[in-house]
Amino acid sequence: MNLINDPWIPVVREDGSKDIIAPWQIAEADNPVIEIAAPRPDFQGALYQFLIGLLQTSFAPEDEDEWLERWEGVPDSDSVKIAFARFSEAFELINAGGPKFLQDSNLQEQVLLKKGEPVSRLLIGAPGKNTEESNKDLFIKRQHDAVFCQSCAATALFTLQTNGPQGGSGHMTGIRGGGPLTTILLPVAESSALWQKLWVNVLFKEGKGWDKVDSCSEKIFPWLDFPALSKKKLSPTFPESVSPLHGYWGMPRRILLQVATNTDSSCALCGNKNGEKISHFITDTYGINYEGPWLHPLTPYRFDRKQQSLPLSIKGKEGGLGYQHWLGLNFQDKGNGCRAAEVIAHFQIRACDFPELSKTGFRLWCFGYDMDGFKALCWYEHQLPVIKMQEPYREVFIDLVTDLIESAKEVVRLLRKQIKAAWDIKDEKKLKVIDASFWEATEPPFYELLQILALQPESTSSMPPAVARQWVDKLRNTAANLFDYWVLEGEPENMDMKRIIRARRSLDDGLYKSKALKRIVTIADMATAPDYQEEVG
């Protein structure tokens, strides 16, 4: 199967019908494709990244004007087909004697020498060999007899390589480190064409110093000329030694898929009974050794303000994402050095330059695994609102939102501390549910105030007192209500009323006297001054 020319991507079309398409069909005008319909959530995210990478590699616009032209009017599908076809030789999944998509053809010699691993182990989170031998695969069972259709095998392979989790001794992590968070822009309207959902995440080449790409190169697709097998770590691969497009096609693992001898079985993931199946894969240690300041365009990073260490990709977080992470994923969080992905930063520039984009609402789709080494703890997905902000007011807006978030962080610290004192416990893990309940309760009003701040005049230099008043009242009331609720939910043996009353008083003192809250409380108090008449909204 060729991943450029052959249909293999499951989708939903405008009329609700399901289909299997080749990549170039995302540009079809008749009954257009509106969504990918992958059998797993991590596959859904991987296929979006695959198609964005393919567009960026083969169909990237030269400048802003060309980008806008293709946003407003989907290009002819034949032109997209021709552009993609130039790279088809790099996208053969099963290719006797030639390069294979994201695979090390050098492993062909090992096919007859050792038994391959079950194809189910390509899935992130599947039990590994050591887990199975110890009979610890309690929740996700081994599937030694499972086969995957070529579509699911290709997607599983890409998902593994692009997420690049640790794989034990000698199995390298990906360009973004193991288990990176991915952020993708989407129009608010779910019925939008898939083309627009993908195209808004494509960068134009102007000002980037990118060379014109007309044909396949191992600088982009490393499997075209993969290093000979080695039993030691390969020399580091730095960003400057390859094409900037290499980031979309990273290959930290040495893998070679094996076709099943029995093709009558159904795919274990999607149920497809047609075509050749993949049953096993050969793997070996020491794939590409990525080092240096790699920055993937779809991933946010944390930067060292002292510039003494390399940027670190933001990972999936236990407890998921919330509005406390909104700034770092959309703009920048000055407190911890987090910056939005390159695609998001460029979108803000385009949104200000093009009135056509201002008419379209957008959301930010964030997803990724929470990894503990090579163990997948959880898969997270979140949708966050996107606010388009003009440059003159952007820095002030970021500072104002920072004040809202930092004041909330201070309140949740006070709340946790006093509930801990009321319960007289030392186990921080038991208190994580307190944090989650606080962030959930204060999320709707935060986004309401965010919209109000976004509509302030460009001359605004400080937070409107009415906004500060509403936020402070919400924080105080939420903290007090949650304290009362959770303390009464505690263990009966912990119900020491003197201790509880003492902790409640300490919480009240903190909410009204905390130095960390002083700035926003001072502004909020202006809203109750006799000569202040402003109304929120």
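The values are calculated or read from the model by the stated rules, or taken from the named source; none is laboratory data. Just so we're clear, the structure is a prediction, and the values are computed from it rather than from any experiment. Backbone-built Cβ (ideal geometry, glycine too); neighbour counts: all protein chains shown.
At a glance:
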read-out: Selected residue (criterion: modelled with the lowest pLDDT) from residues of the range 160-176 that are of a type in the set (A, V, I, L, M, F, W, C) and touching a strand residue (DSSP E or B) at 6+ places or on another chain (Cβ under 7 Å); value: Met172
read-out: Every residue from the range 233-263 that is under 24 Å from Gly168 (Cβ atoms), assigned to a strand (DSSP E or B) and touching a residue at least 60 places away in the same chain (Cβ under 8 Å); value: Arg254, Ile255, Leu256, Leu257, Gln258
read-out: Tally, over the range 506-536, of residues that are in contact with a Pro (Cβ under 7 Å, 6 or more places away or on another chain) and either under 20 Å from Pro445 (Cα atoms) or modelled with pLDDT of 70 or more (or both); value: 5
read-out: Tally, over the range 90-115, of residues that are in a loop (DSSP other than H, G, I, E, B) and more than 31 Å from the chain's Cα centre (by Cα); value: 9
read-out: Flag if Lys513 is in contact (Cβ under 8 Å) with a residue 40 or more places away in the chain and either closer than 18 Å to Lys409 by Cβ or under 33 Å from the mean Cα position of the chain (by Cα) (or both); value: no
read-out: All positions within the range 278-302 that are in contact with a Cys (Cβ under 8 Å, 6 or more places away or on another chain) and in a loop (DSSP other than H, G, I, E, B); value: Pro300
read-out: Selection status of Asp424, in contact (Cβ under 8 Å) with a residue 60 or more places away in the chain and on the phi > 0 side of the Ramachandran plot; value: yes
read-out: Qualifying positions in the range 9-65 - of a type in the set (D, E, K, R) and in contact (Cβ under 8 Å) with a residue 12 or more places away in the chain; value: Arg13, Glu14, Asp15, Lys18, Asp19, Glu28, Glu35, Arg40, Asp42, Glu62, Asp63, Glu64
read-out: Pair list, Cβ < 6 Å and 6+ apart or interchain, from the range 378-399 residues that are assigned to a helix (DSSP H, G or I) to residues that are among the aromatic types (Phe, Trp, Tyr); value: Ile398/Phe331
read-out: Qualifying residue in the range 181-204 (condition: charged (D, E, K, R) and farther than 30 Å from Leu107 by Cβ); value: yes
read-out: The range 264-293, residues that are of a type outside the set (Gly, Ala, Ser), farther than 20 Å from Asp225 by Cβ and in contact (Cβ under 8 Å) with a residue 24 or more places away in the chain; value: Cys267, Leu269, Cys270, Asn272, Asn274, Glu276, Lys277, Ile278, His280, Phe281, Pro293
read-out: Pairs where the first residue, in the range 108-120, is more than 18 Å from Phe148 (Cβ to Cβ) and the second is not aliphatic (A, V, I, L, M) and not in a loop (DSSP other than H, G, I, E, B), C-beta under 8 Å, 6+ apart; value: Gln110/Asp284
read-out: Scope the range 160-181; condition surrounded by fewer than 24 Cβ atoms within 10 Å (Cβ to Cβ) and polar (S, T, N, Q); matching residues; value: Gln166, Ser169, Thr173
read-out: Qualifying residues in the range 177-205 (those that are out of contact with any strand residue (DSSP E or B) (no Cβ under 8 Å at 6 or more places or on another chain) and under 20 Å from Leu245 (Cβ atoms)) - the one modelled with the lowest pLDDT; value: Lys205
read-out: Test set (1) surrounded by fewer than 21 Cβ atoms within 10 Å (Cβ to Cβ); (2) over 19 Å from Ser105 (Cβ atoms); (3) hydrophobic (A, V, I, L, M, F, W, C) - Leu234 fails condition number; value: (2)
read-out: Selection status of Ile220, outside any loop (DSSP other than H, G, I, E, B), touching a Leu at 6+ places or on another chain (Cβ under 9 Å) and among the aliphatic types (A, V, I, L, M); value: no
read-out: Condition check for Pro10: within 25 Å of the chain's Cα centre (by Cα) and either outside the structural domain of His246 (by TED's automatic domain parsing) or modelled with pLDDT of 95 or more (or both); value: yes
read-out: Count of residues meeting criterion [aromatic (Phe, Trp, Tyr) and either farther than 21 Å from Lys277 by Cβ or surrounded by fewer than 16 Cβ atoms within 10 Å (Cβ to Cβ) (or both)] in the range 85-110; value: 1
read-out: Residues being basic (Lys, Arg) and either surrounded by fewer than 18 Cβ atoms within 10 Å (Cβ to Cβ) or part of a loop (DSSP other than H, G, I, E, B) (or both) - total across the range 9-58; value: 2
read-out: When residues of the range 64-84 are limited to those that are outside any helix (DSSP H, G or I) and within 28 Å of the chain's Cα centre (by Cα), the one surrounded by the fewest Cβ atoms within 10 Å (Cβ to Cβ); value: Gly73
read-out: Meets criteria (farther than 18 Å from Val401 by Cα, at pLDDT 90 or above and surrounded by fewer than 13 Cβ atoms within 10 Å (Cβ to Cβ)) for Asp427; value: no
read-out: Residue under evaluation Pro61, criteria (1) in a loop (DSSP other than H, G, I, E, B); (2) surrounded by fewer than 17 Cβ atoms within 10 Å (Cβ to Cβ), criterion not met; value: (2)
